[in-house]
Amino acid sequence: MGDETIFGRILSGAIPCDEVYSDEKCLAFRDIEPQAPVHILVIPRRRLSSLKDAMTEDAELLGHLLLVASLVANQEGLDDWRTIINTGEGAGQTVFHLHLHVIGGRPLTWPPG
Ligand code: DGP
């Protein structure tokens, strides 16, 4: 599946992160380049390069990631937030280990850039 990404190194503990939630399927931590007062990444422990690679058998994991996104947003006290998955370089994906952005704490305009 190619080289380990920076998120693989965070999962292995090789580089630190500001963790906000962890379970046997995923990890959530604060983004190093926050785009809003709250900016958290939720990543599966099992690497999928992007949403493009998700298969039917990943449905439960994908559902779990969404529920954790909601859990951490609630943990942060957010009533409104945005959950984003960038898929592919043209859509802004820079780390090829699937991740959900949870962004909130300021007004969010639509459409995004
Ligand atoms: P994307 O552009 O959707 O692939 O988002 C990747 C995000 O990952 C970007 O917002 C910055 C964040 N990021 C990159 N490297 C690190 C890191 O080492 N630690 C943390 N916490 N976040 C990182």
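The values are calculated or read from the model by the stated rules, or taken from the named source; none is laboratory data. What you see is a predicted model, and the numbers here were worked out from it, not measured in a lab. Note: accessible area is taken over every heavy atom of the protein model, side chains too, but ligands, DNA and RNA are not part of it. Shrake-Rupley method; radii C 1.70, N 1.55, O 1.52, S 1.80 Å.
Please compute P(r) over all alpha-carbon pairs of the chain, binned at 10 Å starting from zero, and give each bin as a whole-number percent.
13, 48, 34, 5
Pick from Ser70, Ser12, Ser49: which residue has the top mean-square fluctuation in a GNM of the chain where Cα pairs under 10 Å get a spring?
Of Ser70, Ser12, Ser49, the Gaussian network model singles out Ser12 as fluctuating most.
Which whole-number value in Å² is the accessible area per residue of the chain, probe 1.4 Å? Write out the running numbers ahead of the final one.
Details: 6720 Å² over 113 residues.
On a per-residue basis, the chain sits at 59 Å².
Per the Kirkwood formula on distinct C-alpha pairs, the Rh of the stretch 21-84 is how many angstrom?
Its Kirkwood hydrodynamic radius stands at 12.5 Å.
Probe radius 1.4 Å, ligands and nucleic acids ignored: give me the carbon and sulfur share of the accessible area of the stretch 25-113 as a rounded percent.
Exposed carbon and sulfur together represent 55 percent of the surface.
Give the angle, between 0 and 90 degrees and rounded to the nearest 10, that separates the Cα long axis of helix 59-75 from the longest principal axis of the Cα atoms of the chain.
Computed tilt is about 30 degrees.
Per-residue ellipticity at 222 nm for the chain, helices alone: DSSP H runs ≥ 4 residues times -39500 (n - 2.57), over residue total, nearest 500 deg cm²/dmol?
On the way: 2 runs with 24 residues, N = 113.
My calculation for the chain gives -6500 deg cm²/dmol from helical runs alone.
Which length gain, in nm to one decimal place, applies between Glu4 and Arg45 when the Cα-Cα distance is subtracted from 0.36 nm times their residue separation? Before the final figure, lay out each step's value.
Numbers: separation 41, 0.36 × 41 = 14.76 nm, distance 1.23 nm.
Roughly 13.5 nm would be gained on extension.
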